[in-house]
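Shown next, in structure tokens, is the structure this report addresses.
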Amino acid sequence: MFKLTFQKRPFLISLTSLALLASVGAACAQEQVLNLYSARHYQTDEALYGNFTKSTGIKINRVDADDAGILARLKAEGSASPADVILLVDAARLGKGDSEGLFKPIKSTLLESAIPSTLRAKPSSEGTTWFGFSTRARVVVYNKLKVKKEDVDTYEELADPKNKGLLCTRSGSHPYNLSLFGAMTEHLGEVRTEAWLKGLVTNMARPPKGGDTDQIKAVASGECGVGLTNTYYLARIMRSSAPEDKQIMDSIGVVFPNQQSWGTHVNVAGAAVARNAKNVTNAVKFMEYLASAEAQNYFANGNNEWPVVASVKVSNPALQAMAGGNFRSETIPISAVASNQTKVQQMLDRVGYK
């Protein structure tokens, strides 16, 4: 009996030790992991993630989906969600996630000093829920043979009867348009914005369809006289060496609207720490990395977006060529734009903007 007891005790101690070691090992491994839900589907971002891992040792596990899919997944997963950081490509979606309580407020002196207050969520006593890390302008493209630049150099003019039958856009409910329309609500007020939206519907050359690149091509072909696009779509065509893309650029003009009033609307791609993040320290490290000069240059030169950190200089030739590399942008808080999305959608339903 004594012999049997003698053999079991070391065995039990060994199992306990192994369990403790496994627990410590798991904790250490967890500290070196970041679970990322991303709506950014840009090949150049691979280097962005790879450099973060190389410099920190933190491995990124990534789930790719669109903005709406990510927010739906977070809601469905609830407290069991493994997500640590959420990357979205539009202020309206960031605002939606924030309003639904899907993000965790954080405090970071680095982020608060690097990111302009107009390009992040309104802070609370707990911290700030999301930050913009790159911007894109929503500009007007027009067919040089069908439209005069001075007839489309403000957003308001797109609804003017002089442009009847000329306008093409993607769906009014697409986040890029929801953000623009949310900005117009800040500038014009709800009554005037709804009248403006009704004017856009009246001026359509065809029902809304396709993406921003499709609007650019339709304007170049003459199917439409004028359209709306985010600048990074335009920059891709400008940087292309394909003959058909050069022909597109020869056929269209570009306007940064409202340079004599409130400035051109800008949207953001941004990030937030997930409400139920398990690796919060790593999440904040990643967010702070996105504000670094290295990451900001990837946004500018890799995906043709403007950096949000003022000290970062842009060397992208397409961005430099547009508006001489400099334009007046609106200064209203992007968080206010995001908060208008529900009332904007209701306006769109009332005026029949599909």
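Bear in mind that the values in this text are calculations on the coordinates, not laboratory data. Since the structure is predicted, the reported quantities are computational estimates derived from the model, not experimental observations. Counting neighbours? That spans all protein chains shown, and the Cβs are built from the backbone with ideal geometry, glycine included.
Values for this structure:
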quantity	calculated
Alpha-carbon gyration tensor eigenvalues x 5, square-rooted, for the stretch 119-206, Å	30, 15, 11
Kirkwood-based Rg to Rh ratio, the chain, C-alpha trace	1.11
Furthest towards positive pole of dipole, 182, 348, 68, structure part the chain, Cβ charges	68
Tilt relative to the chain, helix 67-77 - C-alpha long axis, 0 to 90 degrees, to 10	30
Cα gyration tensor shape for the stretch 230-274, rounded if a/c is under 1.5, else prolate or oblate	oblate
Rg/Rg_globular for the stretch 266-312, with Rg_globular taken as 2.2 N^0.38 Å and Rg from C-alpha atoms	1.27
Residue-averaged [θ]222 nm for the chain, counting only DSSP H segments that reach four residues, each worth -39500 (n - 2.57)	-13500 deg cm²/dmol
Counting DSSP beta bridges with both ends in the chain, the antiparallel % (nearest 5)	70
Summed side-chain charge close to residue 39 - residues other than residue 39 whose Cβ falls under 12 Å, Lys, Arg +1, Asp, Glu -1	-1
Model label zone, residue 99; criterion: amide N under 17 Å from point 7 Å along Cα-to-beta-carbon; scope the stretch 318-354	333-350
Helix axis angle, 175-188 relative to the chain longest principal axis, alpha carbon, degrees	60
Between 0 and 90°, nearest 10: helix 341-351 axis offset from the chain longest Cα axis	40
Residue 59 long-range amide H proximity, modeled H, under 5 Å	33, 34
Virtual spin-label span in nm between residue 260 and residue 192, 7 Å along Cα→Cβ	1.6
Sequence-distant residues sharing a close amide H with residue 258 (under 5 Å, placed H)	154, 155
Percent RCO, i.e. relative contact order, over the chain, from Cα pairs under 8 Å lying at least 6 residues apart	27
Peptide ranges 151-164, 262-275, 125-138 listed from the most packed, as the mean C-beta count within 10 angstrom indicates	262-275, 125-138, 151-164
For the stretch 144-303, the Rg and Dmax computed from alpha carbons only, in angstrom	18.4, 57
Charge context of residue 261, other residues only, Cβ under 12 angstrom, K/R +1, D/E -1	-3
Dipole in debye (nearest 20) - the chain, about Cα centre, beta carbon charges: Lys, Arg +1; Asp, Glu -1	820
Alpha-carbon Rg with Dmax, taken over the stretch 34-130, Å	13.9, 37
Around residue 196: net Lys/Arg minus Asp/Glu count, Cβ-Cβ under 15 Å	+1
The stretch 84-127: translational diffusion in µm²/s, Stokes-Einstein, Kirkwood Rh over Cα pairs, 25 °C, 0.890 mPa s	215
Cα-based equivalent ellipsoid of the stretch 294-354: semi-axis lengths in Å, sorted from largest, via gyration tensor	32, 14, 12
Fewest-first sequence of 122, 96 by Cβ atoms within 10 Å of each Cβ	122, 96
Dipole of the stretch 296-354, positive direction: furthest Cα of 309, 334, 321, with charges on the beta-carbon	334
Amide H partners (placed H, <5 Å) of residue 264, local residues excluded	328, 329, 330
The stretch 201-266: mean projected area of Cα convex hull, nm²	5.3
Segment residue 72-residue 206, length gained on full extension (0.36 nm per residue, minus Cα span)	45.1 nm
Efficiency of FRET between residue 160 and residue 59 - r from beta-carbon atoms, R0 56 angstrom, step 0.05	0.55
Contour minus Cα-Cα distance for residue 246 and residue 43 (0.36 nm per residue)	70.8 nm
Segment residue 236-residue 80, extension gain: residue separation times 0.36 nm, minus the distance between their alpha carbons	52.2 nm
Spatially proximal lysines relative to residue 122 (Cα-Cα < 28 Å; intrachain offsets below 8 disregarded)	75, 96, 104, 107, 278, 285, 313, 343
Those residues of the stretch 83-127 whose amide nitrogen sits under 19 Å from the label point placed on residue 213, 7 Å along Cα→Cβ	89-90
Among 79, 51, 253 the positive-end extreme of the charge dipole of the chain (Cβ point charges)	79
Mean projection area, nm², convex hull over Cα of the stretch 44-196	12.7
Dimensionless Rg ratio for the stretch 236-354, taking C-alpha atoms and the 2.2 N^0.38 Å reference	1.35
Relative contact order (%) - criterion: Cα under 8 Å, at least six apart; region: the stretch 32-112	39
